[in-house]
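Report on the structure given below.
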Amino acid sequence: MGLSLVRLAREALASDGVLGSLPSLRVSVHRRRKVVRLAYEGLPSAGARGAHWYGEHHALARLLSRVSNATVHAYCIDPDDGEEVIAYGNGRRVGGDRVVYENVELPEQAEELDDAAFKLMRSRWPMGHLAYVFGLTREELLRLPRAASNVLLTLDAVNAEELLEELLPSPQLPHATPDAA
């Protein structure tokens, strides 16, 4: 693949202070839009705690943005709290946005907010905007972890790079997105 994603993932984990046994790396691909999603599985935190871990640990996004010479987005979603997207370029934070759900201003009369209006509102939130950048809908981006094209890499496996090559035969990652949900 050229980027040695497995090595970079290991290096990022060490930089983020993950010690002991390594988690796995879920790699999901939306081939038509050339979007690649990366997420660790098996970290000590799960659920909302896992989302907050991703909100604070962006070493993989920084490393990928530096070595791939591309913008890499890190995102996290806590269904009870909010969502955040942070963009990295050349190893540095270059943008981002966050929405806290309880601070969202809804119309005074809740009946004014039908499903279509709410969907439009969410399309302007960080995950909706990121999906738009990738040419996807918010729902398509959020379904990416369950995409047909995905693999769970055991980062300490001898054949991890070969498994990744089968999923990502191209040497480019146009849209790489480390994240959590």
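Read-outs throughout are calculated quantities, based only on the coordinates presented, and are distinct from any laboratory measurement. Note that this is a predicted model, so its numbers are computed, not measured. Cβ: placed from backbone, ideal geometry, glycine included. Neighbour counts: every protein chain shown.
Averaged over every viewing direction, what's the projected area of the C-alpha convex hull for the chain? Give it in nm², one decimal, please. Present the calculation step by step, with values, prior to reporting the outcome.
Values: hull surface 41.7 nm².
Projected area, direction-averaged: 10.4 nm².
A simple packing score, the average count of other Cβ atoms within 10 Å per residue, orders the peptides 76-82, 150-156 as 76-82, 150-156, with the highest score first. Taking the chain as a Gaussian network of alpha-carbon nodes connected by springs under 10 Å, the highest mean-square fluctuation of the residues Val72, Val99, Val36 belongs to Val99.
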